[in-house]
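Since the structure comes first, as structure tokens, the remarks are kept for the end.
The values are calculated or read from the model by the stated rules, or taken from the named source; none is laboratory data. Please read these numbers as outputs of a predicted model, since none were measured by experiment. Don't worry about glycine lacking a Cβ; one is built from the backbone with ideal geometry, like all the others, and counts go over all protein chains shown.
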């Protein structure tokens, strides 16, 4: 085969490869978003969703320590340590939570809704994103009296129209 034949075949492969889905996405058209938690990060650390979209957050604790997920704005402190958010993204939403090795809380001490996972734990949080939550929020883990958050276990949760 001449070089034009090989170039044509290579071009076809490139077009096919570029058109294929690239696995789980954190893009707005994706209903299921997998979030892996380790010491001390979320992967992905930026998540984009659309208002009105039903979202399924699949949390996986691949670390050696307990980790939690909270979504909110404006970090509040207790005794000088980060302890949650003043504005809870999940306020009034009542998300559905299922999984194993999980702890689900909604209490004053943690300033809102959170799901904590033991090492090896998984959880799924299902909710519909309200239109009044458009904008940038933060995801964070406040385990060990805020040490996880201080070590960088945070990210962005962006709600688009």
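So that you can scan it fast, the table gives a plain yes or no per residue for (1) under 15 Å from residue 129 (Cβ atoms); (2) surrounded by fewer than 19 Cβ atoms within 10 Å (Cβ to Cβ); (3) modelled with pLDDT under 95:
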site: 56; (1), (2), (3): yes, yes, no
site: 61; (1), (2), (3): no, no, no
site: 65; (1), (2), (3): no, yes, no
site: 74; (1), (2), (3): no, yes, no
site: 88; (1), (2), (3): yes, no, no
site: 92; (1), (2), (3): yes, yes, yes
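On the given criteria, is residue 121 in contact with a strand residue (DSSP E or B) (Cβ under 7 Å, 6 or more places away or on another chain), crowded, with 16+ Cβ neighbours inside 10 Å, at pLDDT below 95 and outside any loop (DSSP other than H, G, I, E, B)? Talk me through it step by step, then tell me what you get.
On the way: in contact with a strand residue (DSSP E or B) (Cβ under 7 Å, 6 or more places away or on another chain): yes; crowded, with 16+ Cβ neighbours inside 10 Å: yes; at pLDDT below 95: no; outside any loop (DSSP other than H, G, I, E, B): yes.
It is false that residue 121 is in contact with a strand residue (DSSP E or B) (Cβ under 7 Å, 6 or more places away or on another chain), crowded, with 16+ Cβ neighbours inside 10 Å, at pLDDT below 95 and outside any loop (DSSP other than H, G, I, E, B).
Which members of the stretch 124-161 meet the condition of being surrounded by fewer than 16 Cβ atoms within 10 Å (Cβ to Cβ) and assigned to a helix (DSSP H, G or I)?
131, 132, 147, 150
Yes or no: residue 99 modelled with pLDDT under 95 and assigned to a strand (DSSP E or B)?
So residue 99 fits the description; yes.
Only one of these is surrounded by 13 or more Cβ atoms within 10 Å (Cβ to Cβ), modelled with pLDDT under 95 and in contact with a helix residue (DSSP H, G or I) (Cβ under 8 Å, 6 or more places away or on another chain): 78, 114. Name it.
Sole residue among the options that is surrounded by 13 or more Cβ atoms within 10 Å (Cβ to Cβ), modelled with pLDDT under 95 and in contact with a helix residue (DSSP H, G or I) (Cβ under 8 Å, 6 or more places away or on another chain): 78.
Does any residue in the stretch 61-72 that is farther than 11 Å from residue 116 by Cα come within less than 8 Å, Cβ to Cβ, of a residue that is outside any strand (DSSP E or B) six or more places away or on a different chain, and which pairs are these?
Within 8 Å, the pairs are 63/39; 64/39; 71/89; 71/90; 72/89; 72/111.
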